[in-house]
1. Do you know which of the residues in the stretch 144-158 that are open to solvent by 50 Å² or more (accessible area, probe 1.4 Å) and not in a helix (DSSP H, G or I) is nearest to Tyr80 (Cα to Cα)?
2. Go through Asp24, Asp49 for me and flag whichever is under 24 Å from Phe170 (Cα atoms), loosely packed, with under 15 Cβ neighbours inside 10 Å and out of contact with any Phe, Trp or Tyr (no Cβ under 7 Å at 6 or more places or on another chain).
3. When you look at Val138, is it in a strand (DSSP E or B) and buried (at least 16 other Cβ atoms within 10 Å of the Cβ), yes or no?
4. Restricting attention to strands (runs of 3 or more DSSP E) lying wholly within the stretch 59-123, give those where 1 or more residues are within 26 Å of Glu154 (Cα to Cα).
5. Check off (1) of a type in the set (A, V, I, L, M); (2) more than 15 Å from Glu189 (Cβ to Cβ); (3) within 19 Å of the chain's Cα centre (by Cα) for Ile64 and give me the number that stays unchecked.
Amino acid sequence: ADADADADADADADADADVTGFADCVKDGVDAAMWWYLDGVSDLADVVDEGVVYDLYITEQELIFDVYDSALTFSTDGTYEVFIPVDVRINEEDSPFAMSVDMFGEFADTTCSGWVGPVPLDIYATVEVSEGSTGDLVVEVSAYDAYWYGVESEDVVLDDACYYDTMDTFFGWFGMDLTEFYEDILAEEMEAAIAGGVDAIHLDVHDACEF
């Protein structure tokens, strides 16, 4: 009887180890999901802002996500807290966007090119790993959050052909905010891209950690 009890205890310990000892494969699965579904380049819609004082056009825009290795910040009893660092850019020096500003009155028109970033994006996910009733592996992303640091004046680079030293200068003339401008452009695209990557985590973690 004692031997049977010891065997049952060992089996329970092995089952616990199966669920709680998945740190490496959870990280591998998270990395695979985010690199496959988030990392890369996608086109952004043109900006067309035609007003009373100026017309602003920004074309040939690309949204770029650079995903780096994730890190486990905490794990216990099959729960894994994961940090996923990402850089967000709009275009780059070798492939800039095109910007044209048509001003009315005394302000100067200008046509130039530029790029934005990189700007950090921090993604946090809680991954739950458990054993199902039939002995299969169950993986769930129970929560996630993302914090984007926003675009500041120093993040935007305009070429020497531009009349304006910075985009912040241009927006400042009209009481506008550069960070809000880019948040309006990027909010929907970023949310969809992040959600797509997070939605894939449970599949890739399951494949990486399968019994």
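The values are calculated or read from the model by the stated rules, or taken from the named source; none is laboratory data. Since this is a predicted model, take the numbers as computed values, not measurements. Note that we place each Cβ from the backbone using ideal geometry, even for glycine, and neighbour counts take in every protein chain shown. Calculation scope for accessible area: heavy atoms of the full protein, side chains included, ligands and nucleic acids excluded. Shrake-Rupley method; radii C 1.70, N 1.55, O 1.52, S 1.80 Å.
1. Among those residues, the one meeting the criterion is Tyr144.
2. Answer to the selection: Asp49.
3. Answer is no for this residue.
4. Per the criteria, 62-67, 79-90, 97-103.
5. With (1) of a type in the set (A, V, I, L, M); (2) more than 15 Å from Glu189 (Cβ to Cβ); (3) within 19 Å of the chain's Cα centre (by Cα) applied to Ile64, the lone miss is (2).
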